[in-house]
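Novice: One structure follows; several queries about it will come next.
The values are calculated or read from the model by the stated rules, or taken from the named source; none is laboratory data. As the structure is a prediction and not an experimental result, all values here were calculated from the model. FYI the Cβ positions are ideal-geometry reconstructions off the backbone, even for glycines, and counts take in every protein chain you see.
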Amino acid sequence: MAYRGSVRPFVNFNAKQDAEVLRRAMKGIGTDEDVVFMLLSARSNDQRQQIKAEFKKAYGKDLVSALKSELGGLFEHLIVALMTPPSSYDASQLHKALKGAGTEDDVLIEILASRTGKQVKDIIKVYKKEFNGKLEKDICGDTSGHYQKLLVILLQGSREVGVEEDKIEEDAKELYAAGEGKFGTDEEKFITILGNRSAEHLRKVFDAYKELSGSDIEDSIEGETTGNLENLLLAVVKCARSVPQFFAEGLYKSMRRAGTDDDTLMRIMVSRSEVDMLDIRASFKRTYGASLYNTIQEDTTGDYQKALLYLCGGND
């Protein structure tokens, strides 16, 4: 597998030296923001954790707290996100989405539909450690019905592996019979098949479904379900088809509306920078005819913009 992230481990890495550079950038009056984001966005998350440890050892201070006291606004949020280990970052985003009045369902949907089984299991562990709670219990307390059921299935992080050739046709028929083929909808069927089969198996099921019904599975989901369940089923289908395409759409929506949805923009840029940002950029360009780089440039400003562009990794 070729490396598809825009941020990669820095080659001649020296955590001690980096800690010193950051300390100098924050010393005295004002902070050299350019140094901060250029250094941190050119290091992998793992390397940032090592810098953090060296900083504490050398100066007896927590690097994240020091950065927070020097920076402000969206730029501060972005740098703090970069300094957080991936599973901690996802866990904190889910915790934020669940606590308080109302639930940020789009965050639950985005994270649980797109992460691998192993990532989901790591998130659950970190969530328990950092927030002293059970993620499943918190999700069940905030959601209901078929939407809740599918979230709980995704939380098991135990999708099947590989393609079961003899089940492709059968799954397609069952999905058709559960939706378009009957009056009313059998949501359980959709949940079981879409929640448990592997992505490569599902892609074949979607092809068989199209042949059988003449329409895409997405059209059927849109016609048969509503609200959060519809959004979650669509996210699962999109991620089975192409995770980078799913995130390209998310980024486009976060910027091409009145006002920018900075939470989503930041979350995707940070969480995908070491995973598949190069593929997301290609999907973005192919789908929207504009480069992600230029779109970020038009939608954001200042140090926050510069840091996002660094994470984007180049113009297409």
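Novice: Just one of T260, T185 is under 20 Å from Q93 (Cα atoms), in contact (Cβ under 8 Å) with a residue 24 or more places away in the chain and outside any helix (DSSP H, G or I); which is it? Full working, then the answer.
Specialist: Details: T185 fails: under 20 Å from Q93 (Cα atoms).
After ruling out the rest, the residue left standing is T260.
Novice: Within the range 61-80, can one find any residue that is free of Cβ contacts under 8 Å to residues at least 24 places away in the same chain, within 30 Å of E249 (Cα to Cα), surrounded by 20 or more Cβ atoms within 10 Å (Cβ to Cβ) and among the β-branched types (V, I, T)?
Specialist: At the first step, the residues of the range 61-80 found to be free of Cβ contacts under 8 Å to residues at least 24 places away in the same chain are 61-62, 64-65, 68-69, 72, 76, 80.
Now restrict to residues that are within 30 Å of E249 (Cα to Cα): 72, 76, 80.
If we keep only those that are surrounded by 20 or more Cβ atoms within 10 Å (Cβ to Cβ) as well, we get none.
No: the range 61-80 contains no residue that is free of Cβ contacts under 8 Å to residues at least 24 places away in the same chain, within 30 Å of E249 (Cα to Cα), surrounded by 20 or more Cβ atoms within 10 Å (Cβ to Cβ) and among the β-branched types (V, I, T).
Novice: Could you tell me whether any residue of the range 213-231 is of a type in the set (A, V, I, L, M), outside any loop (DSSP other than H, G, I, E, B) and over 20 Å from the mean Cα position of the chain (by Cα)?
Specialist: Our first condition is that a residue be of a type in the set (A, V, I, L, M); within the range 213-231, this holds for 217, 221, 229.
Filter once more, so that each one left must be outside any loop (DSSP other than H, G, I, E, B): 217, 221, 229.
Filter again for over 20 Å from the mean Cα position of the chain (by Cα), leaving 217, 221.
Yes, the range 213-231 has at least one match.
Novice: Over 10 Å from the mean Cα position of the chain (by Cα) and at pLDDT below 95, is that true of R241? Can you show your working first?
Specialist: Working: over 10 Å from the mean Cα position of the chain (by Cα): yes; at pLDDT below 95: no.
So R241 fails the test.
Novice: Which one of these does A248 not meet: (1) touching a residue at least 60 places away in the same chain (Cβ under 8 Å); (2) buried (at least 22 other Cβ atoms within 10 Å of the Cβ)?
Specialist: A248 satisfies every listed condition except (1).
Novice: Across the range 282-293, which residue is nearest to M38 (Cα to Cα) among those that are under 21 Å from the mean Cα position of the chain (by Cα) and of a type outside the set (A, V, I, L, M, F, W, C)? First the steps, then the outcome.
Specialist: From the range 282-293, those under 21 Å from the mean Cα position of the chain (by Cα) are 282-288, 291-293; that's our starting set.
With of a type outside the set (A, V, I, L, M, F, W, C) added as a condition, the list becomes 283, 285-288, 291, 293.
Numbers: S283: 26, K285: 25, R286: 28, T287: 30, Y288: 28, S291: 21, Y293: 16 Å.
Result: Y293.
Novice: Which condition does T226 not pass, out of (1) surrounded by fewer than 19 Cβ atoms within 10 Å (Cβ to Cβ); (2) among the β-branched types (V, I, T); (3) over 24 Å from T143 (Cβ atoms), if it passes all the others?
Specialist: Going through (1) surrounded by fewer than 19 Cβ atoms within 10 Å (Cβ to Cβ); (2) among the β-branched types (V, I, T); (3) over 24 Å from T143 (Cβ atoms) one by one, T226 breaks only (3).
Novice: Here's a follow-up. Regarding V161, is this residue more than 26 Å from Y209 (Cβ to Cβ) and of a type in the set (V, I, T)?
Specialist: Values: more than 26 Å from Y209 (Cβ to Cβ): no; of a type in the set (V, I, T): yes.
Taking the combined requirement at face value, the residue does not satisfy it.
Novice: Within the range 99-110, restricting attention to residues that are crowded, with 22+ Cβ neighbours inside 10 Å and among the hydrophobic types (A, V, I, L, M, F, W, C), which residue is farthest from K137 (Cα to Cα)? Steps first, answer last, please.
Specialist: Filtering the range 99-110 down to residues crowded, with 22+ Cβ neighbours inside 10 Å leaves 108-110.
Then drop every residue that is not among the hydrophobic types (A, V, I, L, M, F, W, C), which leaves 108-109.
Numbers: L108: 14, I109: 16 Å.
Looking at the filtered set, the residue picked out is I109.
Novice: Please identify the pairs in which a residue from the range 156-168 that is under 10 Å from K204 (Cα atoms) has its Cβ atom under 8 Å from the Cβ atom of a residue that is β-branched (V, I, T), counting only partners at least 6 apart or on another chain.
Specialist: What qualifies is I168/V205.
Novice: Further, regarding this structure: So how many residues does the range 110-129 have that are out of contact with any helix residue (DSSP H, G or I) (no Cβ under 6 Å at 6 or more places or on another chain) and either in the same structural domain as V236 (by TED's automatic domain parsing) or over 20 Å from E200 (Cβ atoms) (or both)? Even if it seems obvious, please write down each step before you answer.
Specialist: Step one: list which residues in the range 110-129 are out of contact with any helix residue (DSSP H, G or I) (no Cβ under 6 Å at 6 or more places or on another chain), which gives 110, 115-121, 125, 128-129.
Pick out the ones that are also either in the same structural domain as V236 (by TED's automatic domain parsing) or over 20 Å from E200 (Cβ atoms) (or both) and you get 110, 121, 125, 128-129.
The qualifying residues number 5.
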